[in-house]
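Visitor: If you scroll down you'll find the structure; I have some questions about it.
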Amino acid sequence: MLLLLQNAQVYGPQFIGRRHLLIGAGKLLWMGEQPPRLDDALAVEVHDLGGARTIPGLIDAHAHITGGGGESGYSSRIPPVPLHRFTRAGVTTVVGLLGTDDVTRNTASVVAGARGLCEEGLTAYCHTGGYHVPPVTLTGSVRSDIVHVDRIIGVGEIAISDHRSSQPTLDELLRIASDAHVAGMMTGKAGIVHLHLGDGERGLELVRQALDKSEIPARVFNPTHVNRRRALFEEALEIAERGCNVDVTAYPVREGDKGWSAEDAIAKYLNAGLPAQRITVSSDGGGCLPVFDSDGTLTHMEIGSPDILALTLGALLERGLALERVLPAFTSNPARLLRLHDKGNIRVGADADLVVLADDTSVRHVMARGRWHVLDGQLMIKPTIQETAR
Ligand SMILES: [Zn+2]
C-alpha cells in the first residue's frame, strides 16, 4: 500500500516548502511540488495535510526505556516506558540506556527493550554500560558489545562529577572511549561515550583532560544534562567549540532552579554563534529527576517523560525562533552524531518518520517507518502490553 501526503509544508529540518510526499515500504519514495502521476491500478491512501508543518520524527537520544530510578529503595524503580509515551510526543527514534541502577537492570534487558519498541514500529537503539566503571556489558567488553549486538551503538550514561558516579580516572575514561571509538569505526555505528554530568563542581574537567591528553576525536565524548547548572553550561559551550556534541536535558524547571531550561539552553547555544550541528536535546524519559540533600539523601523525585521534547519545541517557537533554526537539535543533529543515516531528515530514500504539527505546534499526526502511530492526536498503534496504557 502506498500513502500520498498532499500539501505538506516541509521542514526537513531546513525549510523546503509545500510538497507532496509518496510513502511506501517504510520509506519516503518521492517528494515533489506537483502531485505524482500514479497508475490507476495502484492502491494509494491519500491524506491532504492542508499546508500543515511537517517535520522529521524527533530523535530522543537519552531515555530509560526499561525504567530508571531505584535511588530511593527498590520500590522507587520506575516501570518501562511504553510505546505511546514516545509516539504521542512525536519521538520516532529512541536510544535507551541505564543510569544509577546497572545492577538489578542490565544491558540484556535494555537490548530486549529496544527490540520490543522496534517490533512495535519505533526505531530503538541502546547504549551498553550505565553510570558505573567498569561498565556492565553483555558480551564482556564495550567494544565487543558494539561490534556484536545489533542494537548497541555506544556506551553510557557513564557518570562523572556526581556523588553516584564510580569516580572514574582519566585513564579509565580514555579506555572506555577508545573501545567505543574503535567499535564505531568497525561497524559504522555511533561509537560514542554518552556522559552523565552531575551537579559536582568538577564539571567537565575530565572531558577537557581527555581532549588535551589523548588522540581520541572530540565527537566521541558526548556529555548530557549540561544545562543542569549555569556554570556547567558555560563549560559545555567551550567544549562544543572544541568539537564535542553537547546534549541538554528537557526537564521541568522549578522556581529557583540553578540550571537553564532546555529552551533557554538551546536559544543561548544558537545565539552564541557555535557550530549549530553540535547541540542536541533529549528527554531522560523514564528516568528519575531526583533532588538530593547534602548527605546524598533523595528529598524529591519526578519522572522524566518524552512529552517534554514536543513542549520544548513549542516553547522555542513561542519565543519567536524559526522552526528550521531550532529543529536540528531534535532531528538532524542527533542523527548525524549517532550515524543514523536514514533518520532525522525528510529526504527521498530516508525512513518515513514524520510529525505533522497542529497550528498551536502540538503534535497532530505521527508516522514511524511509514505507519501512522498517531492521527489527529488519536493513538493508531497501541502498546502490546495494554495495562501500561495511560
Ligand atoms: Zn543521567
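The values are calculated or read from the model by the stated rules, or taken from the named source; none is laboratory data. Every value quoted in this text rests on a predicted model; they were computed, and no experiment measured them. Note that each Cβ is placed from the backbone with ideal geometry, even for glycine, and that neighbours are counted across all protein chains shown. When the accessible area is computed, the model is the full protein with side chains, heavy atoms only, and any ligands, DNA or RNA have been set aside. Shrake-Rupley method; radii C 1.70, N 1.55, O 1.52, S 1.80 Å.
Visitor: How do the strands (runs of 3 or more DSSP E) wholly within the range 37-118 filter down when requiring 1 or more residues that are polar (S, T, N, Q) and at pLDDT 95 or above: which remain? First the steps, then the outcome.
Guide: Working: elements: 44-48, 53-56, 58-63, 91-96.
Correct list: 53-56, 91-96.
Visitor: I'd like the full set of residues that are part of a helix (DSSP H, G or I) and away from the ligand (no atom under 16 Å from the Cβ), limited to the range 183-206. Let's see the steps before the verdict.
Guide: So in the range 183-206, the residues part of a helix (DSSP H, G or I) come out as 183-187, 205-206.
Matches in the range 183-206: Ala183, Gly184, Met185, Met186, Thr187, Glu205.
Visitor: While we're on this one: Residues in the range 245-298 that are under 14 Å from Pro328 (Cα atoms) and within 13 Å of the ligand (Cβ to nearest atom): how many?
Guide: 3
Visitor: Just one of (1) more than 30 Å from Asp284 (Cβ to Cβ); (2) open to solvent by 40 Å² or more (accessible area, probe 1.4 Å) trips up Pro36, so point out which.
Guide: (2)
Visitor: Looking at the range 147-159, I want the residues that are closer than 20 Å to Pro223 by Cβ and open to solvent by 10 Å² or more (accessible area, probe 1.4 Å) and have a partner that is within 16 Å of the ligand (Cβ to nearest atom) and among the acidic types (Asp, Glu) with Cβ atoms under 9 Å, at least 6 apart or on another chain. Which pairs are those?
Guide: Filtered contacts from the range 147-159: no entries.
Visitor: Report every pair of residues separated by at least 6 positions or lying on different chains whose Cβ atoms are under 7 Å apart, first residue within the range 188-206 and under 28 Å from Ala335 (Cβ atoms), second acidic (Asp, Glu) and within 16 Å of the ligand (Cβ to nearest atom).
Guide: His194/Glu157; Leu195/Glu157; His196/Glu157; His196/Asp162; Gly198/Asp162
Visitor: When you go through (1) more than 23 Å from Tyr131 (Cβ to Cβ); (2) more than 20 Å from the chain's Cα centre (by Cα) one by one for Val291, which number turns out not to apply?
Guide: (1)
Visitor: Looking at the range 242-288, which of the residues that are hydroxyl-bearing (Ser, Thr, Tyr) and open to solvent by 10 Å² or more (accessible area, probe 1.4 Å) is modelled with the highest pLDDT? Spell out the reasoning first.
Guide: From the range 242-288, those hydroxyl-bearing (Ser, Thr, Tyr) are 249, 251, 261, 269, 280, 282-283; that's our starting set.
Applying the additional criterion that residues be open to solvent by 10 Å² or more (accessible area, probe 1.4 Å) yields 251, 261.
Details: Tyr251: 90, Ser261: 96.
Selected residue: Ser261.
Visitor: Okay, moving on. In the set Asp150, Asp162, which member is away from the ligand (no atom under 16 Å from the Cβ), acidic (Asp, Glu) and assigned to a loop (DSSP other than H, G, I, E, B)? Talk me through it step by step, then tell me what you get.
Guide: Values: Asp162 fails: away from the ligand (no atom under 16 Å from the Cβ).
Answer to the selection: Asp150.
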